[in-house]
Amino acid sequence: MPASDPKATLLKEMLLSVIKLHEADVDVLNIKILNRALKELRYGFKVFHPYRRTRKVSIFGSARTPPEDPNYQLGFRFGRLLSERGFMVITGAGPGIMFAGHEGAGHAHSFGVNIMLPFEQGANSLIANNEKLVHLKYFFSRKLLFVKESHATALFPGGFGTLDEGFEVLTLIQTGKANLTPVVCLEAPGCDYWERWMDFVNDQLLARGLISDIDLALFKIFHDEEGAVEEIESFYRNYHSYRFVNDKLVLRLHHPLSPEHLAQLNETFPDLVVTGQFMQSPALPEEQDEPDLSELPRLVFHYNRKDTGRLRQLIDWLNASSSQPNSPGSLSPCSVA
C-alpha cells in the first residue's frame, strides 16, 4: 500500500478496528450500533456526493406547524428563494416547517434526512420518493449529515428538537468542531419566538458569563426570507472556505485583497493572530489534495483558535471590503472535525 494514499491508509485502520472488536469483549448491542451507524453514514455520503459542489442550507423547525401558520408560509418562501438563488435545502423530511422548505425549494432542490421514530415522523409526500432521501435510526448520525453537508443553517420556531439542533450547530461552530457558516433564525412578522429566546440567552447565558458577547455574532434573527437569504449569500461574497494547514488557518477567497485592504486588515484584527500577521499567499503545498481550489487567492495566518465570533466578524469584513461580485467557482465540502 503506497504511503501517499490516505484513503487506503484510513480503510486499513477501519478494518483493523473491526478485527479488534472481535478480539475484545464487546457486547453485541454495541456492535449493532457501530454496524448500523456505519451503514447509514456510508449511504448518506453516497447520496450527497454528486451534489458536493452545490451549496446547501439545512432547515430546522417544528413538524407541527400547520400550512396556515405564517411561519409555514415564511418557510415556503424561504425555500423557494433559496432554490431560485442556486441553493439546495436539507430538512428532516417530515411535515410542518420541513415540508414547507421542501415545497418551496421543489423536488429537484431538496434533500431529506429522516429520523425513524415510533410516532409523528414519516417522510413527507414531496420527498418520500426522492433519491435524495436518507433514513436514519440514530440522531447523532443524522446531525452529522446535517452539519457536514450544509453551508448554512436556518432555524424556524420549533420544539425541543429545533432548539437541540440549533444549540448543537452553535456549539460546534463556537468550539471550532465544525466550519464557520451562517446561522439564521427566522420568524414571521408578529411572532416573538426568537426574541423570547434571546431574552433567555441575554439574561441567563450572557449575564452569567456562560457565553461571551462575541458569541452573539454567530447567528442573526430575520423576519423575512429576503434578509435571511441575503445574509447567507453575502457570507460567500468574497470568502469561499477555509482549512487548517498545521498551525496556520488558510482562508480561500474569490478575490485578493488590495495592499491597502491588507494593511487595514492587520490593523483591525491583530487579536486573532498568535504570531506574525495576515499574509496573502497562493495555495500551500499541503493543499494539493484540492486541485479545484488551487487558483483561489489565500489569506494565511496563525489563528488563535478560540474566538470564532471574532473570526465571523473578520469574514464579514472581507466580504464588505470586496467590490467585486462573487464568482461561483468550485466548492469544497463542509467539514466536521
Query raised in the report: So for the chain, taking the charge dipole from beta-carbon charges (+1 Lys/Arg, -1 Asp/Glu), which of 219, 147, 26 sits furthest toward the positive end?
Result: 26
Report task. Could you check the simple spin-label distance between residue 207 and residue 140, using points 7 Å along Cα→Cβ, in nm with one decimal? Result -> 3.6
**Report entry** Distance from the stretch 180-237 to the stretch 84-159 (C-alpha centre basis), Å
**Finding:** 21
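Just the number, please: Stokes-Einstein D of the stretch 3-80 in µm²/s, Kirkwood Rh from C-alpha pairs, 20 °C, 1.002 mPa s. Each step should come with its number before you reach the end.
Details: Rh = 17.0 Å.
Here the translational diffusion coefficient equals 126 µm²/s.
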Query raised in the report: Under a Cβ-Cβ cut-off of 14 Å, what is the net charge of the residues other than residue 209 that fall near it, where Lys and Arg count +1 and Asp and Glu count -1?
Result: -2
Report task. With a length cut of 20 Å (Cα positions projected on each helix's long axis) and a Kyte-Doolittle mean of at least 0.5, go through the chain and give me the DSSP H helices that pass. Result -> 160-174
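Quick check: residue separation of residue 12 and residue 177 times 0.36 nm, minus the Cα distance between them. What number comes out in nm? Write down the numbers at each step before the final one.
Details: separation 165, 0.36 × 165 = 59.40 nm, distance 2.50 nm.
Roughly 56.9 nm would be gained on extension.
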Report summary line: Under the helix-only model (-39500 (n - 2.57) for each DSSP H run of 4 or more, divided by the residues of the chain), the mean residue ellipticity at 222 nm, to 500 deg cm²/dmol, is -12500 deg cm²/dmol
Report task. Excluding residues fewer than 8 places away in the same chain, name every one of the lysines whose C-alpha is closer than 24 Å to that of residue 137. Result -> 32, 39, 46, 56, 148, 177
Query raised in the report: With no solvent and one point on each alpha carbon, what is the Debye value of log10 I(q)/I(0) for the stretch 239-320 at q = 0.14 Å⁻¹?
Result: -0.42
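Let me spell out the model: positive unit charges on the Cβ of Lys and Arg, negative unit charges on the Cβ of Asp and Glu, origin at the Cα centre of the chain. What dipole size does that give, in debye rounded to 20? Before the final figure, lay out each step's value.
On the way: 34 positive and 41 negative charges, 225 e Å.
The calculation lands at about 1080 debye.
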Query raised in the report: Just 286, 230, 103 to compare: in a GNM of the chain, with alpha carbon springs under 10 Å, which one fluctuates most?
Result: 286
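Arrange the following residues from fewest to most other Cβ atoms within 10 Å of their Cβ: 220, 7, 39. Let's see the in-between values first.
Values: 220 15, 7 7, 39 12.
Ascending number of Cβ neighbours within 10 Å: 7, 39, 220.
Full-extension gain between residue 131 and residue 34, please, as 0.36 nm times their residue separation minus the C-alpha to C-alpha distance.
Numbers: separation 97, 0.36 × 97 = 34.92 nm, distance 2.47 nm.
Working it through step by step, the gained length comes to 32.4 nm.
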Report task. Report the residue, chosen from 100, 24, 320, that carries the largest GNM mean-square fluctuation when the chain is represented by alpha-carbon nodes joined by springs under 10 Å. Result -> 24
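Since every read-out is calculated from the coordinates, none of them should be taken as a lab result. Owing to the predicted nature of the structure, the values given are computational and were not obtained by experimental measurement. Counting neighbours? That spans all protein chains shown, and the Cβs are built from the backbone with ideal geometry, glycine included.
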